[in-house]
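K.L.:
Sharing a structure below in structure tokens format, with a few things to ask.
Bear in mind these aren't lab numbers, they're just calculated from the coordinates by the rules spelled out. Keep in mind that this is a model prediction, so the values were computed, not measured. For neighbour counting, all protein chains shown are included, and Cβ atoms are generated from backbone atoms with ideal geometry for every residue, glycine included.
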Amino acid sequence: MGIEVVVENLSKSFGSQNIWRNVSLTLPAGEVSALLGPSGTGKSVFLKALIGLLRPERGSIWIDGTDIMTCTPKELYEIRKMFGVLFQDGALFGSMDLYDNVAFPLREHTKKSEAEIRRIVMEKLELVGLQGADGKLPGEISGGMRKRAGLARALVLDPQIILVDEPDSGLDPVRTTYISQLFLDINAQIDATFLIVTHNINLARTVPDNIGMLFRRELTMFGPREVLLTSEEPVVEQFLNGRMIGPIGMSEEKDEAQMAHEQALADAGHHAGGVDNIEGIVPQLQATPGMPFRQAVRRRQERVRTILPSLPARAQAAILADDAFAQL
Ligand SMILES: Nc1ncnc2c1ncn2[C@@H]1O[C@H](COP(=O)(O)OP(=O)(O)OP(=O)(O)O)[C@@H](O)[C@H]1O
Ligand SMILES: [Mg+2]
């Protein structure tokens, strides 16, 4: 089963620039969580902190009983082997073909034979739809293909924690849906804990069990998907609908005067962006029929049942209206 990740009061600055402070959240073991937030709010920095690539000044990150903020380099090295990471830019080695890129973690961290490595690499390349592209260099393929190659590489060690940074960037809408389905199928098969950073509203609404959002240097919320998807917080509504009206601006801080100006433009008939009025819950994607049952579903329901009374009324109503919730 996947591993729980517990983050307590984490704060990160670069020099005098505070990125976020007092971030606390638990990624429940084996569940799929997503982190949303406008550009520049520190989502990628957060992922890098979780694997110990960047060091926050304060707080704890508990992974499998070890606080990686205080552990030894050797312990951190061992903990890192539990992770599969898809970085925002794919982070492939430009001089290696896709085969060698995907094989890299296996050669680095295991003693598997080349025959065994070939079997795994080909299986993972096929899983992400890149069969036949193993001899290509990263510079010879499209951005979306690089992204999928990065995902194949993140999966080769059968990780217990999978971090993905904007899997949809560079992918067309159809491939984004395929990759969304792939995440849930992988979750059903290996029961790994997922954290997906995304700007993609369709993905955020249909994939994760839990959703959080970073805004103005804080974790605005984190919890079962129903909490954020039914939230009436202006920042959440604006983000989910991709509108200009609301607290998020082109640069992050939008002042009152700017908000009033934009509202006046919208009132006068100027299009504020966004294509339709998205609100409420749509059903979550399920693992493809024939896949193992996604154990996270049952565990999440048990967990949500215990915290139900503490959730906002709209989230409670949405959870109770879900037939799947009533069945288990
Ligand atoms: N190594 C670094 N040194 C200094 N500042 C950094 C470093 N990495 C990130 N930052 C700063 O931290 C802030 C958050 O960056 P981050 O890449 O985490 O944003 P993000 O939420 O992932 O944005 P996007 O949605 O555009 O990917 C930015 O202001 C960025 O300039
Ligand atoms: Mg980022």
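K.L.:
Of L50, L157, G15, which is farthest along the charge dipole of the chain in the positive direction, counting Lys and Arg as +1 and Asp and Glu as -1 at C-beta?
P.N.:
Checked the options; the winner is L157.
K.L.:
Tell me, what HN-Hα J-couplings in whole Hz come from the Karplus equation 6.51 cos²θ - 1.76 cosθ + 1.60 at θ = phi - 60° for each residue of region 34-47, using x for Gly and Pro?
P.N.:
For region 34-47, the Karplus-derived couplings read 10, 10, 9, x, x, 3, x, 7, x, 5, 5, 4, 4, 4 Hz, x marking Gly and Pro.
K.L.:
Applying the Karplus parametrisation 6.51 cos²θ - 1.76 cosθ + 1.60 with θ = phi - 60° to the phi angles of region 77-92, what ³J(HN,Hα) value in whole Hz is obtained for each residue in order, glycine and proline being reported as x?
P.N.:
Each residue's phi maps through the Karplus curve to give 4, 5, 4, 4, 5, 7, 9, x, 10, 10, 6, 4, 9, x, 6, 7 Hz.
K.L.:
Report relative contact order for region 204-328 in percent, whole number only (criteria: Cα-Cα under 8 Å, sequence separation at least 6).
P.N.:
Working: 112 pairs, mean separation 33.4, N = 125.
Relative contact order for region 204-328 comes out at 27 percent.
K.L.:
For a quick protection proxy, order the peptides 266-273, 203-210, 317-324 by their average other-Cβ count within 10 Å, most packed first.
P.N.:
Values: 266-273: 10.8, 203-210: 23.8, 317-324: 13.5.
Descending packing order for the listed peptides: 203-210, 317-324, 266-273.
K.L.:
As a check on your grasp of the helix formula, calculate [θ] at 222 nm for the chain: sum -39500 (n - 2.57) over DSSP H runs of n ≥ 4, divide by the residue count, round to the nearest 500. Spell out each step's value before the answer.
P.N.:
On the way: 13 runs with 130 residues, N = 328.
Computed mean residue ellipticity for the chain: -11500 deg cm²/dmol.
K.L.:
Between S16 and K111, what FRET efficiency follows from the Cβ-Cβ distance if R0 is 51 Å, with the result rounded to 0.05? Working shown, then result.
P.N.:
Values: r = 47 Å, r/R0 = 0.92.
The value I calculate is 0.65.
K.L.:
Report, to the nearest 10°, how far helix 143-155 tilts away from the longest principal axis of the Cα atoms in the chain, using its own Cα long axis and a range of 0 to 90°.
P.N.:
Once rounded, the angle reads 60 degrees.
K.L.:
Can I ask one more? So, with +1 on the Cβ of K and R and -1 on the Cβ of D and E, and no other charges, what is the size of the charge dipole of the chain about its Cα centre, to the nearest 20 debye?
P.N.:
Numbers: 34 positive and 42 negative charges, 163 e Å.
Around 780 debye, computed over the chain.
K.L.:
In whole Hz, with x marking every Gly and Pro, tabulate ³J(HN,Hα) for region 9-14 from phi via Karplus 6.51 cos²θ - 1.76 cosθ + 1.60, θ = phi - 60°.
P.N.:
Working through the residues one at a time gives 6, 7, 9, 9, 10, 10 Hz.
K.L.:
What order do you get for 114-125, 178-189 when each peptide is scored by the mean count of other beta carbon atoms within 10 Å, highest first? Could the numbers behind the result be given before it?
P.N.:
Working: 114-125: 15.9, 178-189: 20.2.
So the order, starting with the most tightly packed, is 178-189, 114-125.
K.L.:
In the chain, what percentage of the DSSP-assigned beta bridges are antiparallel, given to the nearest 5?
P.N.:
Working: 21 of 39 bridges.
Among the beta bridges of the chain, antiparallel pairing accounts for roughly 55 percent.
K.L.:
Something else: Do the alpha carbons of any pairs in K48/K136; K12/K124; K111/K136; K43/K81; K81/K147; K43/K74 sit beyond 30 Å of each other, and which pairs? Spell out each step's value before the answer.
P.N.:
On the way: K48/K136 28 Å; K12/K124 35 Å; K111/K136 25 Å; K43/K81 22 Å; K81/K147 21 Å; K43/K74 26 Å.
Exceeds cut-off: K12/K124.
K.L.:
Please list the non-local residues whose amide H lies under 5 Å from the amide H of I19, H modeled 1.01 Å from N, same-chain partners needing a gap of 5 or more.
P.N.:
K12, S13, F14
K.L.:
For region 219-328, state which chymotrypsin sites (Phe, Trp or Tyr not before Pro) are in a DSSP loop and have at most 10 other beta carbons lying within 10 Å of their beta carbon. All intermediate terms of the calculation are to be shown ahead of the outcome.
P.N.:
Numbers: sites: F222, F239, F293, F325; in loops: F293.
Of the chymotrypsin sites (Phe, Trp or Tyr not before Pro), the ones in loops of region 219-328 whose Cβ has at most 10 other Cβ atoms within 10 Å are F293.
K.L.:
Give the distance, in whole Å, between the Cα centre of region 296-314 and the Cα centre of region 124-185.
P.N.:
Each part's Cα centre sits 32 Å from the other's.
K.L.:
Within a 10 angstrom radius of the beta carbon, how do Y99, Y77 rank from fewest other beta carbons to most?
P.N.:
Details: Y99 18, Y77 12.
Lowest to highest Cβ neighbour count: Y77, Y99.
K.L.:
Taking amide H positions as placed in the peptide plane 1.01 Å from N, state which residues far from A133 in sequence (5 or more) or on other chains have amide H under 5 Å from it.
P.N.:
Counting only residues 5 or more places away or on other chains, the set is empty.
K.L.:
Among I319, S24, L228, pick out the residue whose Cα is farthest towards the positive end of the charge dipole of the chain, where Lys and Arg carry +1 and Asp and Glu carry -1 on C-beta, about the Cα centre.
P.N.:
S24
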